[in-house]
Structure formats: C-alpha cells, structure tokens
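Below is one structure, written out as structure tokens; the observations come after it.
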Amino acid sequence: MNSKETCRSELRSAFRHLSDRCLYSASKWAGEQLVGIEQDPAKHTPSHTRFQRGSSSIRRRFGTADPPYTATPPTGVSYASTPVQLDEDNDAADSDFYMLAKSYFDCREYRRAAHVLRDQTGKRAVFLRCYSLYLAGEKRKEEEIIELESPLGNNNAVNGELDALERELLALRRNGTIDSFCLYLYGLVLKEKGNETLARTVLAESVNRFPWNWSAWTELQSLCTNVEKLNSLSLNDHWMKDFFLASAYQELRMHTESLAKYEYLQRTFTFSNYIQAQIAKTQYSLREFEQVEIIFEELVRNDPYRIEDMDMYSNVLYAKESCSALSYLAHRVFLTDKYRPESCCIIGNYYSLKGQHEKSVVYFRRALKLNKKYLSAWTLMGHEYVEMKNTPAAVDAYRRAVDINPCDYRAWYGLGQAYEMMGMPFYALHYFKKSVFLQPNDSRLWIAMAQCYETEQLRMLEEAIKCYRRAANCNDREAIAIHQLAKLHNELGQTDEAAFYYKKDLEVMEDEEREGPNMVEALLFLATYCKTKKRFEEAELYCTRLLDYTGPEKETAKSLLRGIRNAKDVDHLPP
C-alpha cells in the first residue's frame, strides 16, 4: 500500500472535490478515513490526535497490528498513485452560478439548482445539474409512494427524470466528454432502469478514473451479487480497491477473506472507526457476539454520537438479552437523532426484548417510512409478526426483505418459519434450503430444516439426521443437534449410534453444569443400553446418578439396579 502521507494527501484533495459536488456521503466517508490514519506524534500536538485515542486497545486485544496478509497487487507490484487532477470551471461567472446552484442544492431545492445551471457547460456544472434533476425525480417518487400506498404495499412509482438523464449522459459518454462523476450518475440511472451489466461497466470506469468516490464503489458492489461478477470487473490497482474488495467479500459471505483485507487496511488506517465497524459486522456474521460487543463498546466510547451500524450492536444485545445495555443504547440514539431508521430499529429491538411486540412493530414501521429499502426493518418486523402469530403479515414483510436483498438469509429463514407455523412444511423446507445455502455455517438454520423433516407430513428422519449432523459440526452452542441425533437414532432402533450421541450430550451438559429432562433422558437410555450390553459397572454408575432425582426416574433406576444385580448373579452361577 502507498505511504500514509500519500493516502492522507489523496483523501484531503478527494474530500474537497466530493464536497464541492455535493456528494456528501462519499465526502463523509473520505473524511472518516482521513482522520483514521495515524498521525506522527513528533509532528502533531496532542490536540490533533485526540480523535484517535482508544481504538488501539481493540487492535491489541485482537492482535491485528501486523497481519500476515499481502495487498491486492502481487509481490513486486506497487499501487498506482493517482493524482487528483480534475477540470474545474475557471470562468468567474460560471463559478458564481455554480455557488448559487450549490446553495439551492444544500437547501434541497433541486429543480432550482438545475435551472440555474441550465446554460453552464463546465463538467462540474453539468454533473450538479444532472444530479439535481436525478434527486428531484427521486424526491417526487418518494412523495408519490407516500401519497398512493402504505409502506407495506407495492407501488409503481418511478423517477420521471431517468429517461432524459440517460439520453444526455449516454451522449456525453459517446463523445468522450463525460467525467468520473457523471459516469457515477450514469451508472445509478442504468441500475435503476434495470440495465445491470452496463451499469457495472460504467461504474467500474468511474472508479478507475476517480477511485476515492466511495458512493460509486458501494453502487458497484450492490451489482456484484456473486463471485463471478466480482471477478469479471476490470479495476485498477489502487488502495481504494482493497476497501471495495473487503466490503464485497463481506456481502458474499467470504468472511475469512474480508477479515484479512480489513486487518491489512488497519496497518495504514489504524484508527478508522469504519474499519472497526466492518470487522464487527463480519464477526457478527460468524456469531462471535463477545468480540462484536467489545468492538462496539470501544466505538461508542470513541464516537458517542455515532448511529451508523448501531442497529447491529442492538441485535447483539438483543441476542444476549442484555436489557439494561439495550435500554441505554436506545435512550442514547433517541436523544441523538430519533428519526433515523437505525434509531427506530434499536428502539424496536428494545421493545421486542421487553415483549411489547405491538410497540416494536410501530418503530419498525417508522423506520420504513424513513427508508422503505431498510432491510433490517423488514426482517425484524417479520420476526415480530411471527411472535404475534400474524403469519400473513410476517410473510409479506419477509418477501419485501428478499426483494430488496435476495442474499439475506434471515428473511429466507423467517419465511420458512412462517410457512411452518401455517402447517405447510414443503414450502417451509424450500425456504430453509435457501437460507442454509446462503449461510451454511449457521447451526440454527440446519436445525430448523431438520425439524421440518421431522414433521408428521414429511417424516424423513434420515434427512433430518443429516441436517442435525451438519448443525453439530457448525458450533451448535446449545447442543440441540446432539440431543436430537440421539433421539432419532433411538427411534430408528440404531442403539449404538444413539448411545454415542447420548454420551456426547451428557458430556456437554456436565461441562456446562446443566440439569433437566435431557440429562435424565440420557442417563436412563445409557443405563438401559449398558445393561443390555452387559456393561454392568457402567450401567450401575448411571443408575446411581438417577437416584439423586425425585421423580419417576428414581424408581426406574431402582428397578434397573435390581435387574443388574440379578443379571450379575446369574452370570456368576456355575454352568
């Protein structure tokens, strides 16, 4: 990777160009990476490094200081250092018109901004005029959605500016006068019109010309829905490509490769909160909740008013049933910005954990009013409808989620659950298969599919056993799969296999110091099995443990012990 000073210089220049063109999301990302580069303490006073304090503790804890990973270019090939040189409007009058248009744009008066620039021909002015028209069309489309349909309903609203913009941008590209920013906008238009192949080509061309526009990389990533499409891209070797690949690998569930990329990037962007959040996101996909919680606690300390990605933190706290921590987080984001979709989802999670599912749905609906394509809200609202036994509404919510992102395994899993509740196991099985294809290392999905095979309508016990075995090999923390394997093998009369899994289940329960009906079931089976196999000492040991219980199992153990003693006496009689 290029030196820290080179990356810093490039980002500073890129930040100015992005802000000047009102690409505020991309400029914010560039600014965050800029301050994420470690300052040389010999050259800067402590006030310049205040933002960077604290993040190093995460790196020390996870040992990411110097990962054994190489950059995107092969050994011996260096990154291209791309100078940020763009054609700007030099005429003072043009610049005056541009400043006025930019002020209108900042006030969300998009059509006024476009009108001011109608006669300007500079590349910067052409981009802002086209971008203003695009956003004016998007704004009108959102208004039509609100006027015509509820957030749960389908609608046919479209951006009315797309056709005119496509014609103009296509002409600019053909005559060779289009710049990287107009290419980005052209890619957006093509994507929205469904021409994904050409959109990928155009967006790749845009990032090759100006690699610091993170918004262009994000749109390009959304069009790379499989590894083949990702590998087909022709991209220049630049350090921004590593950010793109790390994020793309994450979306394609290549978690090991994604982590390696982010850890490599941390060598330069040591204090980047964005990279820390992405590492947490990858760890969340791997269900490493303890590590995720540690990273987010550090992020909250470093950036207490951060809302991005905090909905994922709330999911972790929900899964761990940390009600007080989730309550604090919900209160904090409510005071910071209660009308952000992430804030609404966090508050919805809090009410869900408290069992107030109706209130939870209200906040998830509010999140969708703010952003109808907010994937987490659709999925989480589906979960709430499942809890409320409103399966038609749950199915509708999950279907909207998979329409937005067909790679969201949680929505497919939710659809399986909903159809299982409606007594339609064949449909449920279809959706469970889709979810395990997308997330093959999640034991919960394999267990759900196995339970579907066990239903009365299917009774495909051998297939259920295969699924439980996969679950047992996928870090099944609750040991549900092992216990079910023991029961199914016993039901099929395969006593040796049943004994193996009951013994394994017993060992897990002993290690975790768990008691309960599963313990009793395992002890009873193993005692009977060992007696049948004439392993009397082992059988007596299991029976003795059963004597500590007060239920009917105690009498059963006594009866078994008497039988064992009689069998031992018979064995000792002379022939």
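The values are calculated or read from the model by the stated rules, or taken from the named source; none is laboratory data. Keep in mind it's a predicted model, so treat the numbers as computed, not measured. All Cβ positions, glycine included, derive from the backbone under ideal geometry; neighbour counts span all protein chains shown. Please note that ligands, DNA and RNA were not included when accessible areas were found on the heavy atoms of the full protein model with its side chains. Shrake-Rupley method; radii C 1.70, N 1.55, O 1.52, S 1.80 Å.
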Legend entry - Spatial separation of Cα centroids for segment 521-541 and segment 232-256, in angstrom: 56 Å
Legend entry - Heavy-atom SASA rank of Tyr284, Tyr328, Tyr453 (probe 1.4 Å, accessible area, largest first): Tyr328, Tyr284, Tyr453
Inset, instruction - Run the dipole for the chain about the Cα centre, Lys and Arg Cβ at +1, Asp and Glu Cβ at -1, nothing else charged, and hand back the magnitude in debye, nearest 20. - result: 400 debye
Legend entry - Computed accessible area, Arg108, all protein chains, 1.4 angstrom probe, square angstrom: 140 Å²
Inset, instruction - Enter the accessible area per residue of the chain (Å², integer; probe 1.4 Å; all protein chains in place). - result: 48 Å²
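Relative to the present Cα-Cα distance, how much length would full extension add between Glu456 and Glu387 at 0.36 nm per residue of separation?
Working: separation 69, 0.36 × 69 = 24.84 nm, distance 2.32 nm.
Stretched out fully, the Glu456 to Glu387 stretch lengthens by 22.5 nm.
Determine the sum of side-chain charges near Arg365: Lys and Arg each +1, Asp and Glu each -1, restricted to other residues whose C-beta is under 13 angstrom from that of Arg365. Display every interim value, and only then the final one.
Values: positive: Lys359, Arg366, Lys369, Lys372, Arg400; negative: Glu358, Glu384, Asp396.
Its environment carries a net charge of +2.
Among 171-183, 497-509, what's the highest-first ranking by average C-beta atoms within 10 angstrom per residue? Let's see the in-between values first.
Numbers: 171-183: 16.8, 497-509: 19.4.
Result, highest mean first: 497-509, 171-183.
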Inset, instruction - Work through the residues other than Trp214 whose Cβ is under 14 Å from its Cβ and net out their charges, Lys, Arg +1 and Asp, Glu -1. - result: -2
Inset, instruction - Answer with one residue from Tyr413, His430, Asn159: the one whose Cα lies farthest towards the positive end of the charge dipole of the chain, charges on Cβ with Lys, Arg +1 and Asp, Glu -1. - result: Asn159
Inset, instruction - For helix 461-472, report the angle its Cα long axis makes with the longest principal axis of the Cα atoms of the chain; keep it between 0 and 90° and round to the nearest 10°. - result: 60 degrees
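Evaluate E = 1/(1 + (r/R0)^6) for Ser222 and Glu513, where r is the Cβ-Cβ distance and R0 equals 56 Å; express this FRET efficiency to the nearest 0.05. Spell out each step's value before the answer.
On the way: r = 47 Å, r/R0 = 0.84.
Result of the calculation: an efficiency of 0.75.
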Inset, instruction - First compute the accessible area of segment 400-499 with a 1.4 Å probe, then give the percent of it belonging to carbon and sulfur atoms. - result: 50 percent
Inset, instruction - Using only Cα atoms, find the angle between the long axis of helix 425-438 and the longest principal axis of the chain, and express it within 0 to 90 degrees, rounded to the nearest 10. - result: 60 degrees
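Calculate what fraction, in whole %, of the accessible area of segment 143-291 sits on carbon and sulfur atoms when a 1.4 Å probe is rolled over the protein chains. Please report the intermediate quantities before stating the final value.
Numbers: 2690 of 5900 Å².
Taking all protein chains in place, segment 143-291 shows 45 percent carbon and sulfur surface.
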Inset, instruction - Find how much the distance from Glu166 to Asn566 grows on full extension, using 0.36 nm per residue of separation minus their present alpha carbon separation; answer in nm with one decimal. - result: 134.9 nm
Legend entry - Glu512 accessible area, 1.4 Å probe, all protein chains in place, Å² to nearest 10: 90 Å²
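Give me the mean projected area, in nm² to one decimal, of the convex hull enclosing the Cα positions of segment 387-436.
Working: hull surface 12.0 nm².
Its Cα hull, projected and averaged over all orientations, spans 3.0 nm².
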Inset, instruction - Report, in debye and to the nearest 20, how large the dipole of segment 331-422 comes out about its Cα centre when Lys and Arg carry +1 and Asp and Glu carry -1 on their Cβ. - result: 380 debye
Legend entry - Pairwise Cα inverse-distance average, inverted: Kirkwood Rh of segment 201-252 (Å): 10.8 Å
Legend entry - Residues Thr495 and Ser232, FRET efficiency given R0 of 60 Å [Cβ-Cβ distance, rounded to 0.05]: 0.65
Inset, instruction - Kindly express, to the nearest 10 degrees and within the range 0 to 90, the angle between helix 310-319's C-alpha long axis and the longest C-alpha principal axis of the chain. - result: 10 degrees
Inset, instruction - Could you tell me the distance between the Cα centroids of segment 446-511 and segment 152-201, to the nearest Å? - result: 52 Å
Legend entry - Solvent-accessible ranking of Thr201, Thr550, Thr270, largest area first, probe 1.4 Å: Thr550, Thr201, Thr270
Inset, instruction - Kindly state, to the nearest 0.05, the FRET efficiency for Asp20 paired with Arg545, given R0 = 56 Å and r defined as their beta-carbon distance. - result: 0.15
Inset, instruction - Between His430 and Glu308, with labels modelled 7 Å along Cα→Cβ, what's the label distance in nm to one decimal, could you check? - result: 3.9 nm
Inset, instruction - Note down the accessible area of Tyr413, probe 1.4 Å, to the nearest 10 Å². - result: 50 Å²
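Within 11 Å, Cβ to Cβ, of Gln356, how many net charges do the neighbouring residues add up to if Lys/Arg are +1 and Asp/Glu are -1? Please report the intermediate quantities before stating the final value.
Details: positive: Lys354, Lys359; negative: Glu358, Glu384, Glu387.
Around Gln356, the surrounding residues sum to -1.
For the chain, compute Rg over Rh where Rg is the Cα radius of gyration and Rh is the Kirkwood radius from the inverse mean 1/r over Cα pairs. Intermediate values should be presented prior to the final figure.
Values: Rg = 29.8 Å, Rh = 27.7 Å.
Radius of gyration over Kirkwood radius for the chain works out to 1.08.
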Inset, instruction - Could you tell me which of Phe525, Gln439, Tyr542 has its Cα farthest along the dipole of the chain towards the positive end, charges placed at Cβ (Lys, Arg +1; Asp, Glu -1), taken about the Cα centre? - result: Gln439
Legend entry - Set of aspartates and glutamates near Lys28 by C-alpha distance (under 16 Å), chain-local residues within fewer than 8 positions excluded: Glu10, Asp20, Asp106, Asp303, Glu308, Asp309
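Show Asp442, Asp106 ordered by accessible area, largest first, where the area counts protein heavy atoms only and the probe is 1.4 Å. If you can, show how the numbers build up before the last one.
Numbers: Asp442 0, Asp106 80 Å².
Heavy-atom accessible area, descending, gives Asp106, Asp442.
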